Amino acid sequence: MKTPDWFKKPRHYLFLKIFAWFWVTVIATITTLVFLSKLTSNVGNDELRGPMLKNLQYTAKSIERIVAKHGKSTQEVISHPRLSKHKLLYLNGEVHGVEMLSEPISKDIDLSLLNFTKRMSPQIIFTDEYQAYGPVKIDVPEGIFFLYEIDEKRKKPFFVGLWLMPTWLKIIIAVIASLMLSFFFSRNLIAPINSLKETANKLAHGDLTARADISNSRQDELGVLGRDFNTMATQLEQLISAQKRLLADISHELRSPLTRLKMATGLAQMQAEDAQQAYLERIEKEANQLDKMIADVLQVSRLEAKSQTLSLSTQSIQVIIDHVLNDVRFEANQCNKHLSVEGKIEKEVPCDETLIASALENVLRNAIKYATQHIHLILSESDAIYITICDDGKGVDEANLERLCEPFFRQEHARDRNTGGTGLGLAIAKNAISAHDGTLILENQEQGGLCVKIRLPIKS
């Protein structure tokens, strides 16, 4: 019969670890209780019943009968071998604390521990030194005594010490031991899960270099899952990096033949007849459009790869916005749409003017394109610079909000330029803002339309 893998390598299986930790906790709790029970001197009792009670009662009646019939002293009677051959008898007087023993005992045995039981019904009394059975009342001419049978050889049973400990102390010890061991176990169990959660969140937000912190020495299911997750993240990073590199390389290579095409078109226009000029102008227009698209692709690629060199200089954001608005207002008027501006920004911050202007222009042109009649620009500053651009269009499906800033993503299924554009404007805008450690967030308005919220940190 083949031996199961979990039996050969128990450290590789999480369910065995949980099983082991449970029993370690139980054993540690019991061990702690036993250890503490040994450190304290405990006296406890339990009700005496059955044959032991009947034998003790019989002994008491025998002592009363012999003392009354033969007139002997009580001490002589309890010391007689017939009664004390196999047991040690102890009498404790009700008055003046008179004590009698059937035979001498060790000085280390403290019989005064039995005093608290004289008014109780017959009990088994547990102490660290002996066990006692009693009391049973005896009425003899010398007075009233309480009879106990002492067993010196029987120590307190192993688990009786636990039973005799106060309930509150047992609960405290069990709770503390369980909490301590459970804390270390839960940390050992949850640590890789938290690492996987944080890493997955970073990957979801575009940090492709994030990896789960999983020790190579961990061989259980969580360790295997963590390493497989890291392998997947590495392959994902390589694939996306290769895709971006391929896109950038193709775009770069297209610029040379495109430049030659534009030169050839210009030469052809110089020599062409009037009937052919319209076609050549159309070729030139499409070539220019293609050139701009390639430039946008290269810019997105550089921004995503963080290889774009920022030309930082302290600039007034308001001045940059005003320059952009000069062109955008004209375009809005051409489309019979109204652009309103609310607020003003006084701060000057270090930034790349060209990138910030490109980002704002792309967002505003996008708002003009999809607005019904009105575009609202809100400017404010506090702990940071806030720029909000809203339109009164039909908005965007919630499922597509996050994807709007992906290169070449368009909400409309149609691929023509009139409905979808190239899908690069918002991608350039978001990456340009991110390059300045800012954020760009898209939100739908309750009354309809899309809002783009830009936050730029104020840096000295």
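At-a-glance table
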item	result
The one condition in (1) assigned to a helix (DSSP H, G or I); (2) surrounded by 13 or more Cβ atoms within 10 Å (Cβ to Cβ); (3) of a type outside the set (A, V, I, L, M) that Asn45 fails to fulfil	(1)
Hits in region 322-346 - residues which are under 46 Å from the mean Cα position of the chain (by Cα), farther than 17 Å from His374 by Cβ and loosely packed, with under 14 Cβ neighbours inside 10 Å	Lys344, Glu346
Verdict on Ile171 being at pLDDT below 75 and outside any strand (DSSP E or B)	yes
Residue list for region 369-388, restricted to those being within 37 Å of the chain's Cα centre (by Cα) and surrounded by 15 or more Cβ atoms within 10 Å (Cβ to Cβ)	Glu381, Ala384, Ile385, Tyr386, Ile387, Thr388
Verdict on Tyr148 being modelled with pLDDT of 85 or more, among the aromatic types (Phe, Trp, Tyr) and under 60 Å from the mean Cα position of the chain (by Cα)	no
Residue pairs meeting the criteria (Cβ under 8 Å; at least 6 apart or on separate chains; first free of Cβ contacts under 8 Å to residues at least 40 places away in the same chain and farther than 16 Å from Ala295 by Cα, in region 255-284; second surrounded by 12 or more Cβ atoms within 10 Å (Cβ to Cβ) and among the basic types (Lys, Arg))	Glu284/Lys262
The listed residue being under 30 Å from Trp23 (Cβ atoms), hydrophobic (A, V, I, L, M, F, W, C) and outside any helix (DSSP H, G or I), out of Ala191, Ala212, Ala177	Ala212
Number of positions in region 390-403 that are at pLDDT 80 or above, out of contact with any His (no Cβ under 8 Å at 6 or more places or on another chain) and surrounded by 15 or more Cβ atoms within 10 Å (Cβ to Cβ)	3
Filter pass, Pro104 being exposed (fewer than 11 other Cβ atoms within 10 Å of the Cβ) and at pLDDT below 75	no
Residue match in region 258-274 (condition: of a type outside the set (A, V, I, L, M), under 29 Å from Glu361 (Cα atoms), assigned to a helix (DSSP H, G or I) and modelled with pLDDT under 80)	yes
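The values are calculated or read from the model by the stated rules, or taken from the named source; none is laboratory data. What you are looking at is a predicted structure, and each value in this text was computed from that prediction instead of being measured. Cβ: placed from backbone, ideal geometry, glycine included. Neighbour counts: every protein chain shown.
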